[in-house]
């Protein structure tokens, strides 16, 4: 359906990309982007685009993607703990400076005929437009003023964004232990002389380091320089003498946005205004630009705005909610990362890749055989065969509590030695998770060999049981057994290799 005027609130990647695609789809449509900031005031460092996102952008607008890739910086991925480093090769990962990405998208939006207005603060109700696309970010004023059924969940941990004036060889995940606790960086190169450093920690460490005070003392538009100087010392060997660079850098808690509805009247939400997913899966820019593709397609195909908005949401919501669930699990994994730093780095990388259940162990072994086979050697005290990894993992013996078990499958004879904990939580680190750990500890003190975690056969519940089992075995030393359907043996095998459980009990149930 043709639209005479479309107003876009927000000049970030999603809003600018939507403006260009709208004009390409209908050159007669008047498209105006309203951005309250000015181009020279843009803040942020690098953003990442993975292979799947690149394919989607290629199909929608190859000209824009070509310029983005030309400005990008390709890299592989590493995990470094102390002096131990493991690398996963992936030349499809591309980092690009946020300022450069926005400049490219601004140029292409204007080339398509969109008008960009900077330094103007607008509200949806004040705009003369048939459609208002609200791409005004995680703190969306449009979302807060409208009827979208929004909820915002705030994470436990704290993080800050900064950069360094050199290019890392690869993306790097690496912890640093200090007298106050552990900090973890997610870092990657995005230009020949720049790398993003996102650094996170738990609240207790943040308090012990005095960052509650530095945060309070830092103005909203300023950088917490005291924190950056501290983190320079903590990550000195990773920075190789380079300073950390701030740009309105301060400690934050991640906010996960959910909306029951993405549209209200003529206004539709896009990107972070509608939904967010934890930074550890690198999907913010991806989701916003893919939203833009689906929205413009829906507006072109449907006969009225209401139907177009419904189609847009029907197309995008399943993918978004899947990514949000992956991101939720990833967030929990990173918030608990210090608890598993005792693992060999190869096993840590396997744990990282399989943490949210979207990368099967066998598939990861195909793309990174050296990493997986090194992890399997640590796990099974011997070299794994070229094929049949899952069965090999299940067949490894276990030494626990002075007893040798022939393989990793629990038997009915174990039931009398175990305390069963039914599915109790969706977050193993919440109050219910605390109660489960306390129950396991008490059972162990009474002489029980360990705990058996059981519950629904569906995959999400199984992944949660594995997370809870990892927490119980780490904090109490109890033997852990996780029930799971035969059909999900890949997930159970990944849990064993990642040291999330000691044994598994395969059931005949079919996952939902």
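In this structure, is residue 203 over 17 Å from the mean Cα position of the chain (by Cα) and more than 27 Å from residue 428 (Cβ to Cβ)?
Considered against the rule, which asks whether it is over 17 Å from the mean Cα position of the chain (by Cα) and more than 27 Å from residue 428 (Cβ to Cβ), residue 203 comes out as no.
Here are the criteria: (1) in contact with a helix residue (DSSP H, G or I) (Cβ under 9 Å, 6 or more places away or on another chain); (2) at pLDDT 95 or above; (3) more than 24 Å from residue 3 (Cβ to Cβ). Tell me which single one residue 262 does not satisfy.
Looking at each condition in turn, residue 262 falls short on (3).
Residue 481 is checked against (1) part of a strand (DSSP E or B); (2) farther than 22 Å from residue 332 by Cβ and fails just one. What number does that condition carry?
The failed condition is (2).
Filter the stretch 290-326 down to residues that are under 20 Å from residue 33 (Cβ atoms) and touching a strand residue (DSSP E or B) at 6+ places or on another chain (Cβ under 9 Å) and give me whichever is surrounded by the fewest Cβ atoms within 10 Å (Cβ to Cβ).
Ranking the qualifying residues of the stretch 290-326, first place goes to 305.
Contact list please: Cβ distance under 7 Å, first residue in the stretch 479-500 and at positive phi and assigned by TED's automatic domain parsing to the domain that holds residue 422, second residue in a loop (DSSP other than H, G, I, E, B) and surrounded by fewer than 23 Cβ atoms within 10 Å (Cβ to Cβ), pairs at least six apart or on different chains.
That search, which allows pairs on different chains as well, returns 499/343.
From the list 506, 462, 492, 488, pick out the single residue that is closer than 26 Å to residue 381 by Cα, in contact with a strand residue (DSSP E or B) (Cβ under 8 Å, 6 or more places away or on another chain) and assigned to a helix (DSSP H, G or I).
492
Quick check on residue 54: is it assigned to a helix (DSSP H, G or I), under 27 Å from the mean Cα position of the chain (by Cα) and without any contact (Cβ under 8 Å) to a residue 12 or more places away in the chain?
Taking the combined requirement at face value, the residue does not satisfy it.
Condition first: at pLDDT below 95 and touching a strand residue (DSSP E or B) at 6+ places or on another chain (Cβ under 6 Å). Now tell me which residues in the stretch 342-370 satisfy that.
Once the filter is applied, which keeps residues that are at pLDDT below 95 and touching a strand residue (DSSP E or B) at 6+ places or on another chain (Cβ under 6 Å), the stretch 342-370 yields only 368.
Do we find a residue being part of a helix (DSSP H, G or I), without any contact (Cβ under 8 Å) to a residue 12 or more places away in the chain and either touching a helix residue (DSSP H, G or I) at 6+ places or on another chain (Cβ under 6 Å) or over 17 Å from residue 44 (Cα atoms) (or both) anywhere in the stretch 202-211?
So far as the stretch 202-211 goes, yes, one or more of its residues are part of a helix (DSSP H, G or I), without any contact (Cβ under 8 Å) to a residue 12 or more places away in the chain and either touching a helix residue (DSSP H, G or I) at 6+ places or on another chain (Cβ under 6 Å) or over 17 Å from residue 44 (Cα atoms) (or both).
Filter the stretch 91-141 down to the residues that are in contact with a strand residue (DSSP E or B) (Cβ under 7 Å, 6 or more places away or on another chain) and within 21 Å of residue 161 (Cα to Cα) and list them by number.
93, 94, 95, 96, 97, 98, 101, 136, 138, 140
The values are calculated or read from the model by the stated rules, or taken from the named source; none is laboratory data. The structure displayed is predicted, hence computed values, not measured ones. In this analysis, Cβ positions are derived from the backbone assuming ideal geometry, glycine residues included, and neighbour counts consider all displayed protein chains.
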